[in-house]
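Every number in this text was worked out from the coordinates using simple rules, so none of it is lab data. Keep in mind that what you see is a predicted model, and the values were worked out from it rather than measured. Please note: Cβ atoms are built from the backbone with ideal geometry, for glycine as well, and neighbour counts cover all protein chains shown.
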Amino acid sequence: MKANKKIKYGKFTFLDGRYYEGEYENDMKEGYGIFNFSDGRLFEGLWFNGVQSGFGVYTEINGQIYLGVWVEGNMVFSFLME
């Protein structure tokens, strides 16, 4: 970890009801966090430079749960949990 980076934990709620709760580094989503979309979808997992990167769990509004891997905000591998 570089000495000039500030790591903190917090929650930010958008006007439309979306929210992110988790770790921040230099005011960007970084590390572990939860993003709740305004329509009820949910992403819980790792962030890097403000986007999903690494392992995460994505829940659809119909309740389907996907375990997956994200790279630069895109799901590149997933499988449906039953």
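Using Cα-only point scatterers and the Debye equation, what is log10 of I(q)/I(0) for segment 7-81 at each q in 0.22, 0.24, 0.26 Å⁻¹, rounded to two decimals?
For segment 7-81, the Cα-only Debye profile gives -0.97, -1.10, -1.21.
Loop sites only, by DSSP: take the trypsin sites (Lys or Arg not before Pro) in the chain that have at most 13 other C-beta atoms within 10 Å and name the longest stretch containing none of them. Intermediate values should be presented prior to the final figure.
Values: sites that count: 2, 5, 6.
Here the longest segment lacking exposed loop sites spans 7-82.
What is the distance, in nm, between label points placed 7 Å from the Cα along the Cα-to-Cβ direction at residue 21 and at residue 38?
2.0 nm
Just to check I understand the Karplus step: with θ = phi - 60° and J = 6.51 cos²θ - 1.76 cosθ + 1.60, what whole-Hz values come out for segment 65-82, glycine and proline as x?
In residue order, the calculated couplings are 10, 10, 9, x, 10, 10, 10, 6, x, 10, 6, 10, 8, 7, 9, 7, 7, 10 Hz.
May I ask you to sort 48, 77, 43 by Cβ crowding, counting other Cβ atoms within 10 Å and putting the fewest first? Present the calculation step by step, with values, prior to reporting the outcome.
On the way: 48 17, 77 11, 43 20.
Ordered by Cβ neighbours within 10 Å, fewest first: 77, 48, 43.
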